[in-house]
Amino acid sequence: WKTNISLTKNYADFIHNSPIQIHWQKVKSHSGDLWNQRADELATKGANSNYCMSL
């Protein structure tokens, strides 16, 4: 996972310093994976939202 912009770096630092354990797994896009499709739906919904959350 590349952290090439400041927002992504801040997000990565937040996750790294969090007590939550996250396991990343690469999933091929448009492969029919149910949870990947759901994540895509949620990402699209978030991108189209006016809601802003401060980290």
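Laboratory data are not the source of any read-out in this text; all were calculated from the coordinates shown. It should be emphasised that the depicted structure is a prediction, and the values quoted were computed from it without experimental measurement. Note: ideal-geometry Cβ built from the backbone for every residue, glycine included; neighbour counts use all protein chains shown.
Tabulated values for the structure
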item: Helix 6-16 vs. the chain, principal-axis angle (Cα, 0 to 90°, nearest 10); result: 90
item: Residue-by-residue Karplus 3J(HN,Hα) for segment 43-48, coefficients 6.51, -1.76, 1.60, Hz, glycine and proline x; result: 5, 5, 4, x, 5, 8
item: Where labels lie 7 Å past Cα in the beta-carbon direction, separation of Ala47 and His16 in nm; result: 2.6
item: Per-bin percent of Cα-Cα distances, segment 6-47 [10 Å]; result: 23, 37, 38, 2
item: Helix-only CD estimate at 222 nm, as mean residue ellipticity for the chain, using -39500 (n - 2.57) per DSSP H run (n ≥ 4); result: -14500 deg cm²/dmol
